[in-house]
Amino acid sequence: MSNSPLPPAAPESAGVVPRPAVSLGARLAGYFALTKSKQTLLLYATGICAYIVSMGGQAPHAHVLLFSLALLLSISGCTVLNMVFDRDIDAVMERTRSRPLVRGVMNARQAAVFGVVISLAGLALAFALRWQTGVVIAMGFVFDLGVYTLWLKRRSPLSIIFGGISGGMPALAGRVLAIGHVDLVGILFVLSILLWIPSHIVTLSIKYAEDYQRAGVPVWPNVYGERSARYFIAVSNLLNALVLMACGVLLGIAWPAMVLLLLSAGAMIGLAGWGIVRPSERATWVLFKAASMYMLLSFLLITFGGIL
């Protein structure tokens, strides 16, 4: 009998159970989930709407298609890279434990490669359409990944300011693609997204305050108090309404669209007020759900009102 050493024990015998193999379908679904499609499509819609209304409804179909692709790739890529950087937080929070990287559908390197490839493809296409547009979208990456995620998110609840600025870059990119430079309307587009962010993010941080505290992420209600957070949301909604109305006036949108824009803004302010007068989990969740529909509706009203 040979005296050669025995081969290493299998992982199972050491008490380590390997993850089950992931099917191709599950892996593809995981990559798609990394892009957070609902959020991506909302930001994409603001960019396309800003471009179409800025072109007076005369946007070339080929440009709309190419700009759509540039936005979808760059926004998705940025989102994927965010998921890579935040995977340790996601593993701690109950709300995010089912995300693909936490479940081991793919590893961080695979996700990072995916995010970098589609990000570069989107940026390259944006620069090809108009270099100014490429610069704006690149600035979105700087604000989102560099300032918001890597620098401030784990340090200050005010990080949402820079997250909001990055969220406004698709709309600014659409405006710049149409006119070739940054103007007051483009800045107001960014400001409208920035002022919308509290209804989207701060409401979520109220509902999942314990989750964020467990993950060590400072959010507004945990640092400044829940009541302060609700007032912050209400004031942001009021300012957002003023900014969107200013956009409508500068773009000369039709009065029916202006009326609907005012009514929808009033509804959001009312929901925010409900959260102050009768604070509850239901009031917070209704406002959170309404926020995305409100932003999409606002940009659609500005677009159709501006081209009719």
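Every number here is computed from the coordinates shown, using simple stated rules; none is lab data. Everything numeric here is computed off the predicted structure, so don't read it as measured data. Here Cβ is always computed from backbone atoms with ideal geometry, including for glycine, and neighbour counts include all displayed protein chains.
For the reader, a short list of remarks on this structure follows.
- Inclusion of VAL217 among residues that are touching a residue at least 12 places away in the same chain (Cβ under 8 Å), over 25 Å from LEU250 (Cα atoms) and among the β-branched types (Val, Ile, Thr) is warranted.
- Those helices (runs of 4 or more DSSP H) lying entirely in segment 34-106 with at least 2 residues within 12 Å of the chain's Cα centre (by Cα) and more than 20 Å from PHE304 (Cα to Cα): 37-54, 61-85
- Qualifying residue in segment 252-261 (condition: closer than 23 Å to ILE165 by Cα and in contact with a helix residue (DSSP H, G or I) (Cβ under 7 Å, 6 or more places away or on another chain)): yes
- Condition met for GLY275 (under 28 Å from GLN58 (Cα atoms), touching a residue at least 40 places away in the same chain (Cβ under 8 Å) and either among the charged types (D, E, K, R) or buried (at least 18 other Cβ atoms within 10 Å of the Cβ) (or both)): no
- Verdict on ILE233 being more than 30 Å from GLY57 (Cβ to Cβ), buried (at least 20 other Cβ atoms within 10 Å of the Cβ) and more than 17 Å from the chain's Cα centre (by Cα): yes
- Just one of (1) among the small types (Gly, Ala, Ser); (2) outside any helix (DSSP H, G or I); (3) farther than 22 Å from ILE193 by Cβ fails for ALA111. It is (2).
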